[in-house]
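A short worksheet on the structure shown next.
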Amino acid sequence: MTLQRIIALLVAGILLTGCASSTLRSTWRDETDLGTTPRKLVVFVSVKDDNLRRMAENRVLQSIPPGTSATAGHTLNLDPKLETEEVRARLKEQGFDAALLSRLVSVDKSQTVVPAQTQYAYDPMFRRFGPRFGSFYSFYPYVYTTPAYTVDNTTVVVETLLYRLPEGKPVWTAVSETLNPRSSAQVVEELITLVGGKLKSEGLLPSR
């Protein structure tokens, strides 16, 4: 295998394994909302995979700081066919004053073409490392070209909303993007840190 091919594969590997990250694309808060930090929160994660839903809701619960009681939505056994007023009545009866809902908006596929690039390096294989008494010209830079290649990208978009109960009024939202996640669990963990940190900074979740 040529040196150029080895370098190209290394660069591609770094791009594919090292660029997974989550960012907040946008946030909104109702400036008229005068409510305090929720005392009793119900957490819903809206995805088709029931096992993923349960895992995600449980992880969110584990991340909630002391000061707010939280319950996973899947433990309430709410029938999706229930009418709005029935759901409102059940949540009110159990004393919930807020609901945190995360829903999967989209999973977008795209490709990025990395063009061929000419690089310069002083003996990248370190064959001349150490004291040598060769010609000055032996240290002239090596020139190599990395071939063009295509990187497949996956972008996961999630919307998270905080509602005041029993009114059901949205008072805070955030849209997040996760680029090239290795797993659903990674998306969950990164969003817990990112979105949870934002909610804490705005006083909508208690700080530790």
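The single condition among (1) outside any strand (DSSP E or B); (2) open to solvent by 60 Å² or more (accessible area, probe 1.4 Å) that Val87 does not satisfy is (2).
On the stretch given as the range 143-182, residues that are assigned to a loop (DSSP other than H, G, I, E, B) and under 30 Å from Lys40 (Cα atoms) total 4. Here the condition is being among the aromatic types (Phe, Trp, Tyr), modelled with pLDDT under 95 and under 29 Å from Ser22 (Cα atoms); of Tyr142, Tyr149, Tyr163, it holds for Tyr149 alone.
State yes or no: is Thr118 modelled with pLDDT of 95 or more, part of a strand (DSSP E or B) and either at negative phi or of a type in the set (A, V, I, L, M) (or both)? No: the conditions fail for Thr118.
Gly95 satisfies every condition listed in (1) over 19 Å from Ser201 (Cβ atoms); (2) within 19 Å of the chain's Cα centre (by Cα) except (2). Condition check for Thr155 on (1) β-branched (Val, Ile, Thr); (2) more than 31 Å from the chain's Cα centre (by Cα); (3) modelled with pLDDT of 90 or more: one failure, at (2).
The values are calculated or read from the model by the stated rules, or taken from the named source; none is laboratory data. Treat the numbers as computed from the prediction; the structure is a model and nothing was measured. Cβ: placed from backbone, ideal geometry, glycine included. Neighbour counts: every protein chain shown. These area figures cover heavy atoms from the full protein model, side chains too; ligands, DNA and RNA do not enter into them. Shrake-Rupley method; radii C 1.70, N 1.55, O 1.52, S 1.80 Å.
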